[in-house]
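Shown next, in structure tokens, is the structure this report addresses.
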Amino acid sequence: MTNIYKFCPICKEKLIERVEGGYPRLRCPHCGFVYYHNPAPTAGVLVIEDGRLLLVKRRFEPYRGFWVMPSGYIEYQESASETAVREAEEEAGVCVELDGIHAVESCFDDPRGNTVMILYRGHIIDGSLKAGDDAEEVAFFAINNLPEIAFDLQKRILSKLKEEYIPGVNGEN
Ligand SMILES: [Zn+2]
């Protein structure tokens with residue numbers, strides 16, 4: 001995946017692949033620019049109400065029609081927690097208050113590129129369920145009966161949640 005760019009974004013010289021620190025990197029022989037191919041940060045929110053998990057159905061590819069916790073890419077000027085709150089509002093129509101970090105996990109099966117998700121726990125303080133933005137449906141699901149989940153990282157987090165979940169003891173608001 002280091003060959004995604006051909007030219008230096010600073011001086012337009014052709015980039016050359018070189019191994020640096022054990023990793024193949026694209027480097028500009030003219031100005032010294034190095035392209036570091038890093039995963040993109042994303043943020044999301046895990047909301048459980050009465051033993052049921054809030055999910056949104058993806059309107060677009062990849063994984064169109066699969067379900068995910070409200071989440072998305074962090075904008076450049078945004079904090080991770082602001083992204084989590086914004087995505088819940090845009091995709092699920094609800095205003096959430098965050099209760100801390102639930103998990104930080106890497107994602108390696110998004111065809112748009114690798115990501116790292118900061119997933120918060122949160123609870124709804126206002127609004128009512130309304131799918132929007134890149135979600136076509138929004139619903140609560142019993143943790144033991146979830147629909148088809150998109151992305152390996154969300155599947156990993158939710159299968160762990162399912163194992164650890166004891167109704168009435170944790171996860172309930
Ligand atoms: Zn250059």
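All of the numbers you see were taken from the coordinates with simple rules; none came from a lab. In this text the structure is predicted, and so the values were computed from the model without any measurement. All Cβ positions, even for glycine, are placed from backbone atoms using ideal geometry, and neighbour counts span all protein chains on display.
Distance between the pseudo-spin-label points of Asn145 and Asp109 (7 Å out from Cα toward the beta carbon): 2.4 nm. Note on the chain: lysine pairs with Cα distance below 27 Å, sequence gap of 8 or more or different chains, count 7.
Can you tell me what share of the DSSP beta bridges in the chain is antiparallel? A percent to the nearest 5 is fine.
Percentage antiparallel, nearest 5: 80.
Give me the one-decimal nm value for the distance between modelled label points at Ser159 and Val116, 7 Å along each residue's Cα-to-Cβ direction. Result for the modelled spin labels: 2.4 nm. Entry note, the range 40-164: relative contact order of 33 percent, from Cα contacts under 8 Å with a spacing of 6+ residues. Would you mind counting up the charge near Glu90? Only other residues with Cβ under 9 Å from its Cβ, with Lys and Arg at +1 and Asp and Glu at -1. Net local charge, Glu90 excluded: -4. The distance from the alpha carbon centre of the range 10-58 to that of the range 107-143 is 20 Å, rounded to a whole number.
The string of couplings for the range 143-157 from the Karplus curve (6.51, -1.76, 1.60, θ = phi - 60°) is 4, 7, 9, 7, x, 5, 9, 8, 6, 4, 5, 5, 4, 4, 5 Hz, one whole number per residue in order, with x for Gly and Pro. With a ≥ b ≥ c taken as the square roots of the eigenvalues of the C-alpha gyration tensor of the chain, please select rounded if a/c is under 1.5 and otherwise prolate if a/b is larger than b/c or oblate if it is not? The shape class here is prolate.
Using a cut-off of 11 Å between beta-carbons, work out the net charge of the residues near Leu146 (Lys and Arg +1, Asp and Glu -1, Leu146 not included).
Residues near Leu146 contribute +2 overall.
Highest GNM mean-square fluctuation among Ile101, Ile48, Ile149, for the chain modelled with Cα contacts below 10 Å: Ile101.
Could you work out the local net charge near Phe7, counting Lys and Arg as +1, Asp and Glu as -1, over the other residues with Cβ closer than 12 Å to its Cβ?
Result for the local shell: +2.
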